[in-house]
1. What distance in nm separates the two pseudo spin-label positions at D62 and A87, each 7 Å out from Cα along the beta-carbon direction?
2. Among W105, W79, M1, pick out the residue whose Cα is farthest towards the positive end of the charge dipole of the chain, where Lys and Arg carry +1 and Asp and Glu carry -1 on C-beta, about the Cα centre.
3. P(r) tail for the range 8-94, what percent of Cα pairs lie past 18 Å?
4. Quote the charge dipole size of the chain about the Cα centre in Debye, to the nearest 20; the model charges only the Cβ of Lys and Arg (+1) and of Asp and Glu (-1).
5. Sorted by packing (mean other beta-carbon atoms within 10 Å per residue), highest first, where do 29-37, 14-22 land?
6. 7 Å from Cα along Cα→Cβ at both V115 and I13: what's the point-to-point distance in nm?
7. With r defined as the distance between the Cβ atoms of A69 and L106 and R0 fixed at 30 Å, what FRET efficiency is calculated, to the nearest 0.05?
8. Got a sec? Which residues in the range 20-51 would a label at S80 touch, if it sits 7 Å along Cα→Cβ and we count backbone N under 20 Å?
Amino acid sequence: MSLAARHLEASGIPTVVFGCARDIVEYCGVPRFVFTDFPLGNPTGRPWDVPMQRDIVGIGLDLLETATAPITVTTPYEWSPDHSWKAKCFTKERPFLSVDASQRWLKSKDAYRRVKAEGAV
């Protein structure tokens, strides 16, 4: 997404990137970035929390309208007061998935590794 935003910006189309992986997005050098410190895949808020999602998208639209220099804006929201979710997100066990979903995820990950090793990717 960051590279697409940079291409659009180079063509004169302003962009705002919403993300949860601050280090990666900032490394790519996007000009306007809305960072939400949530698990990956949730950059615009918790699932089904429409007021939060509207607010975060509003932050991005305001940023699009007002930013005059490259900037990262951090949203004021927390996934939960307990930050232990951060450690759980990067474990092999994938505690946020059901047992079946976790097994499917690991199976597809192994399949990708095999395909990549064969040079097909």
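The values are calculated or read from the model by the stated rules, or taken from the named source; none is laboratory data. Every value quoted in this text rests on a predicted model; they were computed, and no experiment measured them. We place every Cβ from the backbone using ideal geometry, glycine too, and count neighbours over all the protein chains shown. Just so you know, the surface numbers come from the protein's heavy atoms only, side chains and all, with ligands and any DNA or RNA stripped out. Shrake-Rupley method; radii C 1.70, N 1.55, O 1.52, S 1.80 Å.
1. My value for the distance between the label points is 3.5 nm.
2. Final value for the positive-end residue is W105.
3. Working: 1759 of 3741 pairs.
When all Cα pairs of the range 8-94 are counted, 47 percent exceed 18 Å.
4. Values: 15 positive and 14 negative charges, 137 e Å.
Charge dipole, the chain, about its Cα centre: 660 debye, nearest 20.
5. Working: 29-37: 19.7, 14-22: 17.6.
Ranking, from highest mean packing down: 29-37, 14-22.
6. Here the answer is 2.7 nm between the modelled labels.
7. 0.10
8. 20-21, 36-50, by backbone N distance to the label point.
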